Every structure is written in structure tokens, then in C-alpha cells.
Amino acid sequence: MEAKTKDLWVLIETREDGSPAKVGLELLNPGRILADKQGGRLVAVVIGQNVQKSVEEAAKYGADQVLVVEGSEYQQYTTDAYQLAMVYLVEKYAPTTVMIGATNIGRDLAPRVTAKVGTGLTADCTSVDIDEESGNIAWTRPAFGGNLMATILCPDHRPQFGTVRPGVFKKPEAGESHADIIKEEFHVANDQIRTRIIDVIREAAGEIVDLEGAEIIVSGGRGVGGPEGFETVIKPLADVLGGVVGASRAAVDSGWIAHSHQVGQTGKTVAPKLYIACGISGAIQHLAGMSGSKVIVAINKDPDANIFRVADYGIVGDLFKVLPALTEEIRKKKGE
Amino acid sequence: MNILVCVKQVPDTTEIKIDPVKHTLVRAGVPSILNPFDGFALEAAARLKDKDPGTKIVVVTMGPPQATAVLKEALSIAADKAYLVSGRTFGGSDTLATSYILSQAVRKMEETEGKFDAIFCGKQAIDGDTAQVGPELAEHLGLPQVTYGLTCEKNADGSGLEVVQEGDGYNQVIGIQFPCLVTFTKPSFDPRFPTIKRKLAANRANIPVLGDDAFPDIDTSRIGLKGSPTHVKTTFTPEQKTGGVIIQEESEEESAKKLVALLGEKKVV
């Protein structure tokens with residue numbers, strides 16, 4: 001299809017309670033820069049139920065326009081309802097660029113929309129810019145397990161779509177809202193939604209393991225020695241930092257901790273502000289999942305461990321002594 | 001049940017090295033393997049077959065003739081029949097063009113194999129890491145989908161599947177009716193190994209090839225490099241971090257103190 005406008009869209013993923021997922025707000029940051037360069041508006045797209053908070057936040061973080069599709073059928077994400085709504089909006093307004101967070105939901109939805117519209121999609125980008133030569137968006141993404149970066153263009157199809165990893169961009173500065181709010185009445189009948197959520201399985205005591213949204217992750221590997229180690233040294237440090245517990249494949253495969261905590265190629269790809277790798281040797285599969293972290297700390301007995309190659313700070317030592325000391329130090333610092 | 005599993009031959013990305021001088025990918029000598037996520041999809045199909053031995057598992061791959069190796073591997077693990085989609089005009093396809101060609105292949109295979117109740121794919125291939133071909137294939141075929149599946153079972157009346165899906169921070173059980181497409185991520189168990197008997201049979205298997213002329217109705221403007229909306233402009237190797245600070249004080253307590261001080265300076269904590 002042809003673009004009718006020079007607008008750039010950011011999909012604000014909403015949670016069940018209507019609040020925005022962080023990545024959507026993060027994308028308003030590069031979205032603003034690219035929309036200005038493209039000479040179009042920055043449009044936030046909000047689909048969900050009771051989404052007032054998401055609409056307000058999108059406006060506060062700089063959207064020129066917020067397109068809202070609201071209905072009870074959107075309270076929980078389903079591929080079909082969201083795809084139909086997105087395709088409806090895209091075909092009606094024909095923006096030039098659409099950015100979506102590369103969450104499980106974003107990566108479920110985006111290819112379904114682009115295949116329907118018949119346009120190009122670049123997944124899991126870690127940087128977005130304008131290609132000076134052609135004026136297209138230059139989508140840059142890792143491939144081959146993070147060993148290679150590729151810059152991808154979508155020259156002849158519109159809109160050009162990309163999913164962008166959570167945590168790569170910071171939320172923009174909040175400001176005065178100046179957004180036009182446009183409500184779109186678009187509803188999806190029950191029988192058009194071909195999947196049904198039968199059950200939601202949360203971890204013990206309703207704990208949610210949100211590795212991709214975490215600002216701080218404390219991960220344990222083989223060196224943690226067993227499930228007790230995660231309880232006695234990893235979790236206390238994560239707790240005092242307000243972070244989330246991660247794990248290497250070795251720890252997960254040993255059955256010490258659930259796969260939902262796994263960081264790496266067969267687990268989650270994360271980019272927190274601070275990643276603390278404890279007793280993790282640093283296999284390339286693990287590095288592929290965390291090397292985008294802003295600051296990496298490695299704690300390992302083996303001074304030759306591969307993890308030290310990517311670490312900003314390394315402590316060579318026994319993690320069962322280092323971690324409690326670290327937890328105590330941080331507790332003291334926070335108490336100050 | 002009639003299940004199609006889509007597989008891909010990929011370079012073992014854990015064996016890939018970066019040329020330290022030219023900063024390019026060294027692919028020579030890197031073994032080609034069955035994409036691990038496709039192995040999980042095949043295992044999910046095999047588990048359904050364990051419970052319902054009348055199930056037929058067909059595997060398909062699109063790739064060069066040497067990709068037959070992963071089809072043989074799939075046959076030696078659990079598949080009953082394999083197809084290779086391979087044609088000169090298919091080369092250079094991005095995910096949208098690839099999924100379109102695969103959708104044509106599905107229609108073609110169904111003429112011989114009967115309608116597929118379910119199509120299983122890995123959530124993504126470890127070379128491209130896009131996670132797009134599965135959902136795009138589902139769209140071309142008009143099928144409902146579940147992505148990020150961990151395990152699945154047939155539902156009570158046998159009309160569909162109940163899939164445990166890995167969500168963003170929690171898991172969900174999703175009900176979906178046949179025909180459908182499910183992509184799989186890593187479950188908490190290891191996939192089964194090939195058996196010697198199946199390996200021998202796989203080596204003798206007749207693997208039909210669906211080539212350039214296999215799909216008379218294909219829209220040639222939607223395949224290959226020309227039919228691909230996305231183009232790779234450049235590739236480069238990411239910057240490697242160098243020269244991190246190693247902290248090794250007299251005691252672990254001292255090291256911890258120093259680290260907190262350094263992180264404090266950086267305003268990380």
C-alpha cells in the first residue's frame with residue numbers, strides 16, 4: 001500500500017488493567033526523533049480496555065496524536081482481535097512507519113499484521129535511524145546469536161514495520177500533553193477470536209518474572225550449585241536492588257530454577273541497566289541474551305571465565321562470600 | 001492427526017567465530033544443524049503421536065539440496081514423511097516471501113498427504129532470529145496461531161489443542177481449534193534422540209522435492225529477492241567490549257565494597 005501520511009506510529013502495548021507496558025513509552029523516544037526527520041507526526045496507538053492511563057502517558061511522553069481502540073474484547077491480548085484492529089487502523093490511516101515493542105506479544109502480532117497488509121517487517125531491532133541515502137528507516141538488528149548486526153531497509157512497501165527490543169531506549173522526558181485523542185470504534189465479534197485463554201499460570205505467590213522489562217537482573221549459573229543457592233544468595237541481592245532473578249541455561253537445565261528465568265539464546269534476550277552474572281561461565285548463547293546490558297558485572301571463581309570478556313566490572317572470587325557482602329553493602333548504601 | 005512440522009537447517013551459531021582482523025563472520029567449518037526450536041516443535045508432535053499412534057508427522061524444509069540432511073534427521077527422530085522445497089527462484093527470499101512459498105507448499109503437500117490439522121514451527125531460527133515465518137505462514141493460510149508454545153495436548157473432544165504458552169512474565173494455557181499453527185520455544189525437557197533403526201530407514205527415505213515448477217499458480221512477484229519487501233543494506237560485527245575492570249581485593253568483603261563504590265560513581269545503584 002501507499003502511505004497517505006508521513007506519520008510514524010508507536011504501538012503502546014497495554015496490560016490487562018489498561019496501563020502501558022514500558023517498552024511502548026520507550027519507543028516514543030526514538031519515535032519522536034524519527035517522526036521529526038520524516039516530517040510527520042508521532043502517533044501512539046493504544047488498543048485495550050480501560051486504557052485511560054495508557055492514553056495519558058502516551059500524550060505525556062510526547063505523542064502528537066493518540067489513536068484509541070477500546071473494548072472488552074481487547075482486555076486480554078489475542079492475536080486475532082489485535083490483528084484485526086491494527087490492520088483496520090493501518091489501512092485507514094496508512095502511516096509511513098510503525099514501531100512495536102519486541103515483546104512476546106509484539107512479536108506475535110507484528111508478522112500477522114504485516115503479512116496481511118503485505119509489507120516488510122524487521123524484528124527485534126536494537127537501533128533505528130533514517131538511511132540518509134534513501135530516506136527509509138534503517139532498522140538494525142542482531143542475527144546469528146548476536147555475532148552479526150544487519151541493517152535492513154524496506155524501500156518500496158509502506159508502512160515499514162519494525163519491532164524494537166525493550167530496554168534499548170529510555171523513556172523520553174515527560175512534558176505537557178498536546179496530543180489529539182482520536183477514538184476509533186472498531187469491534188471484533190467473539191467468533192472472530194479463534195483462541196481462548198483457558199488458564200493463566202503465574203509463579204508461586206503470583207510472582208511475575210518480567211526479565212525483559214527489568215532494569216536490574218541478578219543471574220545465577222552453574223556456580224550457584226543448586227536451587228538453595230538461588231534462594232540464599234541470588235534472590236536476596238536481586239531483592240535489595242529491586243531487580244529480577246535470571247539464570248543461565250546450565251542452571252535451568254539442572255532443574256534449579258524455572259525456564260521463565262532463563263537468559264540467553266533459548267531464553268530471554270535482556271538489556272537491563274545492570275546485569276550481574278554470578279557463577280556464569282559466559283557461553284556464547286548466554287552472551288547473546290545479555291550482552292546488550294548497559295553495565296555488566298561478573299562474579300566468578302575462574303579468572304579465565306569467558307564472562308569477564310564482556311564485563312565492565314569483574315570480581316574474581318567465591319560468589320557465596322561476595323554476594324552476601326554485596327547485598328549488605330547495597331543495603332547500607334540504600335539506608336543512607 | 002495429521003501434523004506438519006516446518007524445519008530449517010541453520011549454522012550452529014555457537015560455533016561461529018569472528019575474524020579478529022576483518023571483523024567478519026567465519027562460517028567455514030561451522031557445522032549445519034537442525035534449528036533447535038524446530039527440534040522442540042518436532043518433539044511436541046512426537047509427544048502427540050506417543051498418545052495417538054495413528055498420528056502422521058510430515059516435515060518440510062525450504063533450502064538448498066544439502067538441507068535434506070535436517071529432513072533425514074527429523075525422519076530419524078520422529079517424522080514419517082519429508083519434503084524439500086528447493087528452487088532457484090526461491091533464493092533471496094525474506095521472511096514474507098519465504099512464508100508465501102511455504103504456504104504454496106502446504107497446499108501442494110495437502111494434495112498428497114491430506115489436510116494438516118496442525119502446523120508446528122520453531123518460534124524462530126537461530127541464524128535469522130526473526131520469529132516471523134511461523135505467524136506469516138499462518139496468515140497466508142488463514143489459520144489461527146499460538147506462538148511461544150512450551151507443550152501441547154489434544155483437547156477433551158479432540159477438536160483442537162491446549163497449548164501452554166510462555167507469556168511476558170507468566171504462562172497461559174490457550175485453547176485453539178484445528179486447523180491451526182503453533183510455534184514452539186524451549187520446554188523444560190530435552191527432545192528425544194534418533195534411534196538406529198529410524199536412522200537407517202531415514203537414509204533410504206524417498207524425499208520428494210518441490211521445485212520452481214511445483215506451484216503453477218504461484219505469484220512470482222511475491223517470491224525471491226524481487227518479491228521481498230525487506231532488503232539487507234549492510235552487515236557488520238558488533239563492537240566487542242574490552243578492558244573491563246577486574247576487582248580483586250584482599251577479601252570478598254573488600255571487593256564487594258569497591259564494586260558498590262564503582263557502581264555508585266556510575267550511578268547504576
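Got at least one residue in region B:189-198 being among the hydroxyl-bearing types (Ser, Thr, Tyr), closer than 28 Å to B:Ala67 by Cα and either touching a Gly at 6+ places or on another chain (Cβ under 9 Å) or facing another protein chain (nearest Cβ under 7 Å) (or both)?
No, that holds for no residue.
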With within 10 Å of chain B (Cβ to nearest Cβ) and of a type outside the set (Phe, Trp, Tyr) as the only criterion, which of A:Ile181, A:Ile137, A:Ile216 stands out? A:Ile216
With the checklist (1) at pLDDT 95 or above; (2) in contact with a strand residue (DSSP E or B) (Cβ under 9 Å, 6 or more places away or on another chain) in hand, flag the one item B:Arg198 doesn't pass. (2)
Give the number of residues within region A:260-276 that are in contact (Cβ under 8 Å) with a residue 60 or more places away in the chain and more than 21 Å from B:Val268 (Cα to Cα). 1
Scan region B:91-105 and report the pairs whose first residue is farther than 16 Å from B:Cys121 by Cβ and away from every other protein chain (no Cβ under 11 Å) and whose second residue is of a type in the set (Lys, Arg) and in a helix (DSSP H, G or I), with Cβ atoms within less than 9 Å and a gap of 6+ or a chain change. none
Can you list the strands (runs of 3 or more DSSP E) found entirely within region A:159-259 that contain at least 3 residues being touching a residue at least 12 places away in the same chain (Cβ under 8 Å)? A:160-164, A:180-184, A:216-220, A:244-247
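Residue-by-condition table, conditions (1) closer than 21 Å to B:Pro64 by Cα; (2) touching a residue at least 60 places away in the same chain (Cβ under 8 Å); (3) out of contact with any Lys or Arg (no Cβ under 6 Å at 6 or more places or on another chain); (4) assigned by TED's automatic domain parsing to the domain that holds B:Tyr83:
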{"residue": "B:Ile218", "(1), (2), (3), (4)": "yes, yes, yes, yes"}
{"residue": "B:Ser228", "(1), (2), (3), (4)": "yes, yes, yes, no"}
{"residue": "B:Thr234", "(1), (2), (3), (4)": "no, no, yes, no"}
{"residue": "B:Pro238", "(1), (2), (3), (4)": "no, no, yes, no"}
{"residue": "B:Glu250", "(1), (2), (3), (4)": "no, no, yes, no"}
{"residue": "B:Ser255", "(1), (2), (3), (4)": "no, no, yes, no"}
{"residue": "B:Lys258", "(1), (2), (3), (4)": "no, no, yes, no"}
Scope region B:152-174; condition more than 10 Å from every other protein chain (Cβ to nearest Cβ) and within 18 Å of the chain's Cα centre (by Cα); matching residues: B:Cys152
For region A:273-286, give me each residue that is in a loop (DSSP other than H, G, I, E, B) and either surrounded by fewer than 24 Cβ atoms within 10 Å (Cβ to Cβ) or not assigned by TED's automatic domain parsing to the domain that holds A:Phe320 (or both). A:Lys273, A:Ser281, A:Gly282, A:Ala283
Quick test for you: out of A:Val240, A:Val224, A:Val270, pick the one residue that is buried (at least 23 other Cβ atoms within 10 Å of the Cβ), among the β-branched types (Val, Ile, Thr) and more than 23 Å from B:Glu166 (Cα to Cα). A:Val224
I'd like to check something: does region B:159-167 contain any residue that is surrounded by fewer than 24 Cβ atoms within 10 Å (Cβ to Cβ), out of contact with any Ser or Thr (no Cβ under 6 Å at 6 or more places or on another chain) and modelled with pLDDT under 95? yes
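Residues are listed down the side, and each one gets a yes or a no for (1) within 14 Å of chain A (Cβ to nearest Cβ); (2) outside any loop (DSSP other than H, G, I, E, B):
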site: B:Asn203; (1), (2): no, yes
site: B:Asp212; (1), (2): no, no
site: B:Pro216; (1), (2): no, no
site: B:Gly224; (1), (2): no, no
site: B:Gly227; (1), (2): yes, no
site: B:Val232; (1), (2): yes, yes
site: B:Thr235; (1), (2): yes, yes
Looking for something in contact (Cβ under 8 Å) with a residue 40 or more places away in the chain, farther than 30 Å from B:Ala201 by Cα and either facing chain A (nearest Cβ under 7 Å) or part of a helix (DSSP H, G or I) (or both) - is there at least one such residue anywhere in region B:108-122? no
Out of contact with any Cys (no Cβ under 7 Å at 6 or more places or on another chain), at the interface with another protein chain (Cβ under 8 Å from one of its Cβ atoms), surrounded by fewer than 22 Cβ atoms within 10 Å (Cβ to Cβ) and hydrophobic (A, V, I, L, M, F, W, C), is that true of A:Ala258? yes
Quick one: is B:Gly54 in a loop (DSSP other than H, G, I, E, B) and under 29 Å from B:Gly87 (Cα atoms)? no
Going through region B:123-151 one residue at a time, which ones are more than 9 Å from chain A (Cβ to nearest Cβ) and either among the small types (Gly, Ala, Ser) or buried (at least 24 other Cβ atoms within 10 Å of the Cβ) (or both)? B:Ala125, B:Gly142, B:Gly149
Would you mind finding the one in A:Tyr93, A:Tyr77, A:Tyr61 that is aromatic (Phe, Trp, Tyr), touching a residue at least 12 places away in the same chain (Cβ under 8 Å), within 14 Å of another protein chain (Cβ to nearest Cβ) and at negative phi? A:Tyr77
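The values are calculated or read from the model by the stated rules, or taken from the named source; none is laboratory data. Quick caveat: nothing in here was measured; it's all calculated off a predicted structure. Please note: Cβ atoms are built from the backbone with ideal geometry, for glycine as well, and neighbour counts cover all protein chains shown.
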